[in-house]
Amino acid sequence: MPGGGRCPDCGSAELVEDAHYSQSQLVCSDCGCVVTEGVLTTTFSDEVNLREVAYSRSTGENEQVSRSQQRGLRRVRDLCRVLQLPSTFEDTAVAYYQKAYQHPGIRAARVQKKEVLVGCCVLITCRQHNWPLTMGTICTLLYADLDMFSGTYMQIVKLLGLDVPSLCLADLVKTYCSSFKLFQASPSMPAKFMEDKEKMLSRTLQLVELADETWLVTGRHPLPVITAAAFLAWQSLQPSARLTCSLARFCKLANVDLPYPASSRLQELLAVLLRMAEQLAWLQVLKLDKRSVVKHISDLLQHRHTLIRKAFREGPSGVEAPAEELWGRGQGQEEVGNGSSDLPKGKRPASPALLLPPCMLKPPKRVCPTPPASTVTGDEDISDSEIEQYLRTPQEVRDFQRAQAAKRAATSSPNPP
């Protein structure tokens, strides 16, 4: 027995550990006396002194998993199985949950936050493995508040020091649009509203890329932009039968929620398409509006890179550039030269508008704060720095003395006749 323990009956130091029914016992090998019985966990120096300790002070306290943590681990595994994630994803999410639960701020948090923690660990695992899953999907499955979920998500990423890549926009489009009910025949779905899945995904991806190139996605939630792009893609594939359908009805047919800013993103996309349509000669004579431009989306997307360069300037340096350089070379130069002959001499065609984010084109109005009313009574204390402004330097003192002497000399001298 390490530490020099002895038998209380015979005083022998030959104490051996005997596992009786999986319960550790210390027995004297000389007289057979059971020295200790049922000591499962000990801590500090009590094991050497053969004394039992309270369980709260034992080493088993740290090995026990609370019922709250057990329930959270089961929820992590159940959520991974509902989402049909690979087994490696499940193991990683469980490890993140156990590591996050060790922090005192998480262990003492409310039940709602612990429920949200389950979804955060699963979302972090999916993002690291480039698995397309949105925060909104997790919140829907857990009936969680989006603001609480996003705050807990950022807290867990910071606490664990994880490197979580952002979700690829193309994968998000495929995942989000695949949940639409427009690709399956049903009694409640008219035949004219059904669409081929691959065609709609391809057209939606092109419109989302166009929105990304024209600053409509930067700094914004992607789902409203994707919803607006999917609506335009769906309308443009069969415009004659679908132009009368509204965005709200489209979301109802697709069995998805209508995001609040989706209508604004739709108007911004239509405005960009109209600017691009003005650069095509066969569309200039049609006088398109935001409703009829949907019919020509396929032509606009086919030449979108060229049309964007023509419709927008990419920076302020284009202000001083001639119109021929902005519109391109070759045939573009001839069209600009012929068009400029009708203008008065010394004037050029109007330059394209700058390609700027919507937040710069239409900045939000800020309330000008009213300055606090200052009441000066003259009894305020003067700081030392302000007093130093009134003190004259030695050079200023000498200059002042010479000026005073010159003044006195001038006034004492008689005036010349």
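The values are calculated or read from the model by the stated rules, or taken from the named source; none is laboratory data. As the structure is a prediction and not an experimental result, all values here were calculated from the model. Using ideal geometry, Cβ is built from the backbone for each residue, glycine included, and neighbour counts are taken over all protein chains shown. Accessible surface areas use protein heavy atoms only, side chains included; no ligands, DNA or RNA. Shrake-Rupley method; radii C 1.70, N 1.55, O 1.52, S 1.80 Å.
Each Lys and Arg Cβ is given +1 and each Asp and Glu Cβ -1; about its Cα centre, the stretch 170-313 then shows a dipole of about 320 debye.
Restricting the calculation to alpha carbons of the stretch 67-167 gives Rg and Dmax of 12.0, 34 angstrom. Peptide packing for 65-78, 198-211 was compared via the average number of neighbouring C-beta atoms within 10 Å per residue; ordered from the highest value, the list is 198-211, 65-78. Taking 30 Å as R0, compute the FRET efficiency from the Cβ-Cβ separation of Cys245 and Ala170 and round it to 0.05. According to the calculation, E is roughly 0.70. Taking only the C-alpha atoms of the stretch 170-313, the Rg (one decimal) and the largest Cα-Cα distance, Dmax (whole number), read 14.7, 49 Å. Cross-link partners for Lys192 among the lysines, with Cα-Cα distance under 20 Å and sequence neighbours closer than 8 places in the same chain left out: Lys181, Lys252, Lys295.
Maximal additional length on extending the Asp399-Lys199 stretch stands at 63.1 nm, based on 0.36 nm per residue less the C-alpha distance.
Using the average count of surrounding beta-carbon atoms within 10 Å as a protection proxy, the listed peptides 267-277, 160-170 rank, highest first, as 267-277, 160-170.
Put one equal scatterer on each alpha carbon of the stretch 199-257, apply the Debye formula with no solvent term, and list log10 I(q)/I(0) at q = 0.18 1/Å to two decimals. One equal scatterer on each Cα of the stretch 199-257 leads to -0.62. For a straight C-alpha distance cut-off of 22 angstrom, the lysines reachable from Lys158 (same-chain residues fewer than eight places away being disregarded) are Lys99, Lys113, Lys114.
The residues of the stretch 157-207 expose on average 56 square angstrom of accessible surface per residue, using a 1.4 Å probe on protein heavy atoms. Simple point charges give the picture: +1 on the Cβ of Lys and Arg, -1 on the Cβ of Asp and Glu, and for the stretch 242-292 a dipole about the Cα centre of about 160 debye.
Once R0 is set to 25 Å, what does the formula 1/(1 + (r/R0)^6) return for the Cβ-Cβ distance between Met360 and Lys287, expressed as a FRET efficiency to the nearest 0.05? Computed FRET efficiency for Met360 and Lys287: 0.30. Protection proxy ranking for 242-249, 405-412, 133-140, using the average of other Cβ atoms within 10 Å per residue and placing the highest first: 133-140, 242-249, 405-412.
Length gained on full extension, Asp9 to Lys192, computed as 0.36 nm times the residue gap minus the Cα-Cα distance: 56.3 nm. Label point 7 Å out from Asn255 along Cα-to-Cβ: which residues of the stretch 157-188 have amide N under 12 Å? In the stretch 157-188, the label zone of Asn255 (backbone N under 12 Å from the point 7 Å along Cα→Cβ) covers 179-188.
With K and R counted +1 and D and E -1, the other residues having a Cβ less than 14 Å from that of Lys295 yield a net charge of +3.
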